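Data first, discussion second: the structure below is written as structure tokens.
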Amino acid sequence: KQAFVRVKRLGGVDGQSLKLGRMEFVDGTEVSPKHATLAALKRDRIAHRLLGHFGFTHVGRSLDGALYAIDRPALNVTVLGARPTQGVFQVDGWGELSVNVFYGAVTGQVTGADGAGEWRVFGLAYRDGRDAVVRTDNRALAIRRADVEPIDIGTIGGHYLHAAKTAAGTLDVLMWGAAQTGSWGQLEHRAGAFAAEAEWQPP
């Protein structure tokens with residue numbers, strides 16, 4: 001499931017680390033905000049949107065690769081290069097998939113007298129070279145079976161969270177968005193997603 005070596009204070013620099021081996025990784029969890037409301041929003045509404053460990057299944061999924069991070073009180077930089085394991089519903093989940101994943105994110109903390117906030121900018125490159133897997137789209141089955149071109153998708157996006165304490169209670173907002181481009185086998189791929197939420201917590 002997990003077997004890795006982690007080097008802390010890489011190069012003698014505080015907060016700089018390198019992890020090598022088999023590991024679990026969830027995008028959006030690079031930093032856990034100290035503010036309880038932001039931490040809950042991040043855990044429940046931001047994490048797992050693009051990369052996750054499939055924790056809802058009995059096997060889950062790990063990644064084989066390298067994870068570099070430099071962590072400062074107000075800023076975090078994370079870079080990942082890995083290949084996912086089969087896992088999920090396959091009990092013999094040791095083997096790797098013919099998939100390459102590259103992820104990078106910069107996360108910053110915002111503090112103020114009335115509350116706290118967090119922003120993140122991320123990029124994700126995904127290449128799926130499994131030619132034996134039939135593509136899932138709306139083309140005829142014969143056409144999809146004949147399409148053995150790789151899936152190459154690039155994603156850029158970000159999120160912003162903010163919680164403000166007022167006399168009427170805590171107000172918080174969440175914004176998350178991503179845009180994708182690339183190829184889905186022989187098809188051109190364009191996609192986007194956006195989420196926005198606002199909440200009020202009475203005292």
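The values are calculated or read from the model by the stated rules, or taken from the named source; none is laboratory data. Just so you know, these numbers come straight off a predicted model, no measurement behind them. Cβ coordinates were reconstructed from backbone atoms using ideal geometry, including for glycine residues, and neighbour counts include every protein chain displayed. For the accessible areas, the whole protein counts, side chains as well, though only heavy atoms, and no ligand, DNA or RNA atoms are used. Shrake-Rupley method; radii C 1.70, N 1.55, O 1.52, S 1.80 Å.
Within region 14-27, restricting attention to residues that are open to solvent by 50 Å² or more (accessible area, probe 1.4 Å) and part of a loop (DSSP other than H, G, I, E, B), the residue that is modelled with the highest pLDDT is Glu24. Within region 28-52, residues that are in a helix (DSSP H, G or I) have Cβ atoms under 7 Å from residues that are open to solvent by 70 Å² or more (accessible area, probe 1.4 Å) in these pairs: Ala39/Ser32, counting only partners at least 6 apart in sequence or on another chain.
Within region 109-129, residues that are surrounded by 18 or more Cβ atoms within 10 Å (Cβ to Cβ) reach partners that are basic (Lys, Arg) with beta carbons closer than 8 Å, at six or more positions or on different chains, in the pairs Gly115/Lys165; Ala116/Lys34; Glu118/Lys42. Check whether at least one residue in region 121-132 is farther than 20 Å from Thr181 by Cβ and either of a type in the set (D, E, K, R) or within 18 Å of the chain's Cα centre (by Cα) (or both), and report yes or no. Checked region 121-132: at least one residue is farther than 20 Å from Thr181 by Cβ and either of a type in the set (D, E, K, R) or within 18 Å of the chain's Cα centre (by Cα) (or both). Can you confirm whether Thr181 is open to solvent by 60 Å² or more (accessible area, probe 1.4 Å), part of a strand (DSSP E or B) and at pLDDT below 95? The answer is no for Thr181. Condition check for Lys165 on (1) surrounded by 15 or more Cβ atoms within 10 Å (Cβ to Cβ); (2) closer than 30 Å to His35 by Cα; (3) modelled with pLDDT of 95 or more: one failure, at (3).
Table: residues versus (1) closer than 30 Å to Gly115 by Cα; (2) open to solvent by 40 Å² or more (accessible area, probe 1.4 Å); (3) of a type in the set (S, T, N, Q).
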residue: Ala47; (1), (2), (3): yes, no, no
residue: Phe54; (1), (2), (3): no, yes, no
residue: Gly65; (1), (2), (3): no, no, no
residue: Leu80; (1), (2), (3): no, no, no
residue: Val88; (1), (2), (3): no, no, no
residue: Val91; (1), (2), (3): no, yes, no
